[in-house]
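Taking it in order: structure first as structure tokens, then the write-up.
The values are calculated or read from the model by the stated rules, or taken from the named source; none is laboratory data. Values in this document were obtained by computation on a predicted structure and should not be read as measured data. When we count neighbours, we look across all protein chains shown, and the Cβ atoms used for this are built from the backbone with ideal geometry, even at glycine. In case anyone asks, the SASA skips ligands and DNA or RNA and just uses the protein heavy atoms, side chains included. Shrake-Rupley method; radii C 1.70, N 1.55, O 1.52, S 1.80 Å.
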Amino acid sequence: MSKASSPTSSNTEAQLSPLYPHDLPGDPQCPKCHGVGYLRVDLPLGHPDFGKVRVCDCRAGQINQQVRQRLFALSHLDELSHLTFENFQPRGRVGLLPRQADSLEHAYNQAQQFAQRLEGWLVLQGDYGCGKTHLAAAIANFAVSLGVPTLFITVPDLLDTLRFAYNDPEATFEERFEQIRQAPLLVMDDFGTQNATPWAQEKLFQILNYRYINRLPLVVTTNLDDQDFEERIRSRLQDPDLVTRVRILAPDYRNPTADFGHPEMSSLDLLHNRTFASFDLRAAEGLNADEIRSLEKAFNAARHFAENPQGWLVILGPYGTGKTHLAAAIANYRMDHGDPPLFVVVPDLLDHLRATFSPNSTVSLDRRFEKVRTAHLLIMDDLGTQATSPWVKEKLYQLFNYRYNAELPTVITSAESLDEMDPRLRSRMLDKRLCQIYGITAPPYTGRPEAKARKSRRATR
């Protein structure tokens, strides 16, 4: 039969976790600790809890209140108190694609279930503005309402808090570090936006590893893909026995027309006025019947594709014949229907991929390339105008081959003939099961003859 005894103060200070305050007295009338506030259970040598100090029940309530206050002081939940489950839109804004709305609703349901249980880890992945922080804050606010000590903190702020602790007269670094990694519920927002120094990587690993070993509840939000995590952290985040991972496909609610987190890659903003209504079939230019027919066929094919994007659409023809106009019209039509595609000019696309080699790049080549090749609708304008090199050829082949095998909707325009193209690309475009090819034989657009005549008359006056 074990018995309780009060420890000496020196042993108490040495063995209590820095998470718990040492300055609260116990109840003087308590028969267990006699007012000390702590006790040690007399256990056999070799028992895993032998020699450990425990908080007496008479003091536990006060400690829990102080823990809640200390963790809340480190958090910014007072600024996020308005982010709750009640004001979250599970299906998102009007106009989301079904798969986008479904992913958002799934994340909402998983977050609610986690908040009710507070067991395991929940990882919310998705681009900026998709609702990750709202759901994470809703979990934290719900836990706080139940009296659960909760630390909600963005990862850059977490690291700053640790750095400042080196010069903080009120808390040592060790105390602050233990407060974070031992928090009963820890919510780490914006994982991946931190400056990834070796020190930062090591501290984050230590926090995650401690919570992994002790199975402490954790919520992580991130815009990183799996391959972008440091290897040791990735292995823990992928444990299916502990971790529930949810990817949100919804676009940024602040900028719903952004191309899935990479609006800088798209040229569509410059072509917003290129629509089917503004496309000129050039009936007044004196084109022959075959030239007009080639324009009409390409126009009708583009309009049909825009209504139901399936397979590949390839539009060939000389410069200035309307290929880019039709490609942009498809993109603008899908944009107006709440389904923004990724519209890229091929030389610009390759420049964006090369830019990831810069030491200052915030995104890896693999991640950016994955965004392009998996885009639900990709429109590639001006294929063939890029400078060729073995690297360029390989990237274009990888892009074409992936979308060909996955049968992802794709639009391609080019001034090259099929015979001039890389045979590997040409062979995929010649698959009639997947691809439709339309050639515009009309000469470059020069304007209406009557408009040119008016301009000539004005010039002679």
### Summary
The condition from (1) over 24 Å from residue 81 (Cα atoms); (2) in contact with a Phe, Trp or Tyr (Cβ under 8 Å, 6 or more places away or on another chain); (3) hydroxyl-bearing (Ser, Thr, Tyr) that residue 150 misses is numbered (1)
### Task
For residues that are in a helix (DSSP H, G or I) and loosely packed, with under 13 Cβ neighbours inside 10 Å, scanning just the range 229-252, find the one that is modelled with the highest pLDDT.
235
### Task
Return a yes/no flag: does the range 120-137 have any residue that is without any contact (Cβ under 8 Å) to a residue 40 or more places away in the chain, buried (at least 22 other Cβ atoms within 10 Å of the Cβ) and not small (Gly, Ala, Ser).
no
#### Entry: Candidate set: the range 282-311, residues that are aliphatic (A, V, I, L, M) and surrounded by fewer than 14 Cβ atoms within 10 Å (Cβ to Cβ); chosen: the one modelled with the highest pLDDT
289
### Query
So which pairs qualify, if the first residue must be in the range 369-391 and in contact (Cβ under 8 Å) with a residue 60 or more places away in the chain and farther than 26 Å from residue 225 by Cβ, the second must be polar (S, T, N, Q) and not in a strand (DSSP E or B), the Cβ gap must be under 9 Å, and the two must be at least 6 apart or on different chains?
381/267; 381/324
## Note on the structure
Only one of 274, 354, 334 is part of a helix (DSSP H, G or I) and open to solvent by 40 Å² or more (accessible area, probe 1.4 Å), namely 354
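Conditions (1) farther than 30 Å from residue 342 by Cβ; (2) in contact with a Leu (Cβ under 9 Å, 6 or more places away or on another chain); (3) of a type outside the set (Lys, Arg), marked per residue:
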{"residue": "160", "(1), (2), (3)": "yes, no, yes"}
{"residue": "164", "(1), (2), (3)": "yes, no, yes"}
{"residue": "216", "(1), (2), (3)": "yes, yes, yes"}
{"residue": "224", "(1), (2), (3)": "no, no, yes"}
{"residue": "232", "(1), (2), (3)": "yes, yes, no"}
### Query
Can you name every residue in the range 346-367 that is in contact (Cβ under 8 Å) with a residue 12 or more places away in the chain and of a type in the set (S, T, N, Q)?
356, 364
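Results for (1) farther than 15 Å from residue 408 by Cα; (2) of a type in the set (Gly, Ala, Ser); (3) assigned to a loop (DSSP other than H, G, I, E, B); (4) touching a residue at least 60 places away in the same chain (Cβ under 8 Å), shown as yes or no for each residue.
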residue: 305; (1), (2), (3), (4): no, no, no, yes
residue: 314; (1), (2), (3), (4): no, no, no, yes
residue: 338; (1), (2), (3), (4): yes, yes, yes, yes
residue: 344; (1), (2), (3), (4): yes, no, no, yes
### Message
Step by step: first the residues of the range 379-396, then only those that are of a type outside the set (Lys, Arg) and part of a helix (DSSP H, G or I), then the one that is nearest to residue 323 (Cα to Cα). Which residue is that?
### Response
396
